[in-house]
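What follows is one structure encoded as structure tokens, with my remarks underneath.
The values are calculated or read from the model by the stated rules, or taken from the named source; none is laboratory data. In this text the structure is predicted, and so the values were computed from the model without any measurement. Methodologically, a virtual Cβ is constructed for each residue, glycine included, from the backbone with ideal geometry; neighbour enumeration extends over all protein chains shown.
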Amino acid sequence: MNFQDKLDKAVSKNNSLVCVGLDPDPAKLKKGQSQFAFNKAIIDQTADFVCCFKPQFAFYAAVGLKGLEDLKATDDYIHKHYPHIPVILDAKRADVANTSEMYAKEVFDVYEADAVTVNPYLGEDSLEPFLKRRDRGIVVLCRTSNPSAVDFQDLKVDGKPLYMKIAQKVADWDKKYKNLLMVVGATYPNEMKKIRQIASEMTFLVPGVGSQSGDLENTLKNGLRKDGRGLIISSSRGIIYAQDPKLAAQKLKDEINEYR
């Protein structure tokens with residue numbers, strides 16, 4: 001089963017577009033608590049309300065080998081106990097082709113992620129080692145959620161902002177590989193509307209909801225496909241550090257579905 005099919009089934013099973021970002025800050029954990037133990041509790045509480053989970057690689061790598069072991073344990077736990085829910089490894093990989101081959105082995109063969117985020121800056125040959133894994137999802141940065149996204153992504157190229165050039169290129173690549181998605185932040189819903197016009201059938205991974213105060217209503221208005229799908233709404237801190245993560249995930253799911 002490829003990533004998109006697995007995602008679609010998870011969306012249907014849980015009637016949800018919510019993605020929980022598993023980004024455990026070691027400074028916020030209880031004394032002696034591992035990142036895996038923290039994640040396990042979050043996963044078990046929220047699994048009925050999500051369409052996928054998304055660990056962010058940096059939070060584990062910053063801890064060293066133990067952190068990477070906890071990341072692997074987290075992925076393995078999801079695959080074993082919630083095999084219908086895909087895992088997106090937020091690693092933002094890509095480099096010259098031979099290095100990308102190693103990155104692809106890392107994320108797909110070591111951590112066994114169902115999908116990975118990648119950076120398009122080096123062009124198609126840097127992404128091809130990922131793209132040829134046709135059963136996996138390749139999530140390309142297009143319009144990121146951070147305030148300084150405008151520094152480069154708004155630069156005009158042949159009269160169009162760079163993020164629109166990226167969106168068109170990704171849409172073109174997807175015709176060939178059929179396993180691409182795009183990152184489009186909820187903090188830029190107007191830009192999302194323009195990207196949706198280019199990529200009418202693609203799925204967008206949407207960060208920026210919750211702690212970054214993204215515009216959820218306009219994101220849904222401008223980003224949903226006609227079938228009421230096509231978005232993966234990601235929330236990390238707003239759920240994993242909530243007093244009741246289960247309730248926070250359910251609340252976000254219900255808020256999204258009320259609009260859908």
* Are any residues in segment 229-260 surrounded by fewer than 21 Cβ atoms within 10 Å (Cβ to Cβ) and closer than 15 Å to N15 by Cα, and if so, which ones? -> R229, G230, Q250, K251, D254, E255, N257, E258, Y259, R260
* Mind telling me which of the residues F57, F36 ends up being in contact with a helix residue (DSSP H, G or I) (Cβ under 6 Å, 6 or more places away or on another chain), at pLDDT 95 or above and either within 18 Å of F3 (Cβ to Cβ) or not aliphatic (A, V, I, L, M) (or both)? => F36
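On the basis of being touching a Leu at 6+ places or on another chain (Cβ under 7 Å), of a type outside the set (K, R), touching a residue at least 40 places away in the same chain (Cβ under 8 Å) and not in a loop (DSSP other than H, G, I, E, B), does V209 make the cut? Before you say what the answer is, go through the steps one by one.
Details: touching a Leu at 6+ places or on another chain (Cβ under 7 Å): yes; of a type outside the set (K, R): yes; touching a residue at least 40 places away in the same chain (Cβ under 8 Å): yes; not in a loop (DSSP other than H, G, I, E, B): no.
So V209 fails the test.
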* Could you tell me whether any residue of segment 135-154 is surrounded by 21 or more Cβ atoms within 10 Å (Cβ to Cβ), among the aromatic types (F, W, Y) and part of a helix (DSSP H, G or I)? => no
* To do: Would you point out the residue of segment 201-211, among those that are farther than 17 Å from I138 by Cα and either touching a Lys or Arg at 6+ places or on another chain (Cβ under 9 Å) or among the β-branched types (V, I, T) (or both), that is surrounded by the most Cβ atoms within 10 Å (Cβ to Cβ)?
  => V209
* Asked: Does segment 234-250 contain any residue that is under 30 Å from K169 (Cα atoms), among the polar types (S, T, N, Q) and more than 15 Å from the chain's Cα centre (by Cα)?
  -> no
* Structure fact -> Among the residues of segment 63-93, the number that are touching a Cys at 6+ places or on another chain (Cβ under 8 Å) and hydroxyl-bearing (S, T, Y) is 0
* Somewhere in segment 178-185, is a residue out of contact with any Gly (no Cβ under 7 Å at 6 or more places or on another chain) and exposed (fewer than 15 other Cβ atoms within 10 Å of the Cβ)? -> yes
* **Filtered residues of segment 1-33 (kept if closer than 21 Å to L181 by Cβ, assigned to a loop (DSSP other than H, G, I, E, B) and modelled with pLDDT of 95 or more)** => N2, N15, S16, L17, D23
* All but one of (1) among the β-branched types (V, I, T); (2) in contact (Cβ under 8 Å) with a residue 60 or more places away in the chain; (3) out of contact with any helix residue (DSSP H, G or I) (no Cβ under 6 Å at 6 or more places or on another chain) hold for I85; which doesn't? -> (3)
* To do: Scan segment 212-228 for residues that are surrounded by fewer than 17 Cβ atoms within 10 Å (Cβ to Cβ), part of a loop (DSSP other than H, G, I, E, B) and in contact with a Lys or Arg (Cβ under 9 Å, 6 or more places away or on another chain) and report the count.
  => 2
* **Hits in segment 229-260 (condition: of a type outside the set (D, E) and not in a helix (DSSP H, G or I))** => R229, G230, L231, I232, I233, S234, S235, S236, Y241, A242, Q243, R260
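Each row is one residue, and each column tells you yes or no for (1) free of Cβ contacts under 8 Å to residues at least 24 places away in the same chain; (2) in a strand (DSSP E or B); (3) touching a strand residue (DSSP E or B) at 6+ places or on another chain (Cβ under 6 Å).
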residue	(1), (2), (3)
V170	no, no, yes
E191	no, no, yes
K194	no, no, no
Q197	yes, no, no
* Structure fact -> Exception for Y241 within (1) hydroxyl-bearing (S, T, Y); (2) closer than 29 Å to P129 by Cα; (3) in contact (Cβ under 8 Å) with a residue 60 or more places away in the chain falls at (2)
* Just wondering, is there one or more residues in segment 159-168 that are at pLDDT 95 or above, over 25 Å from D114 (Cα atoms) and part of a loop (DSSP other than H, G, I, E, B)? -> yes
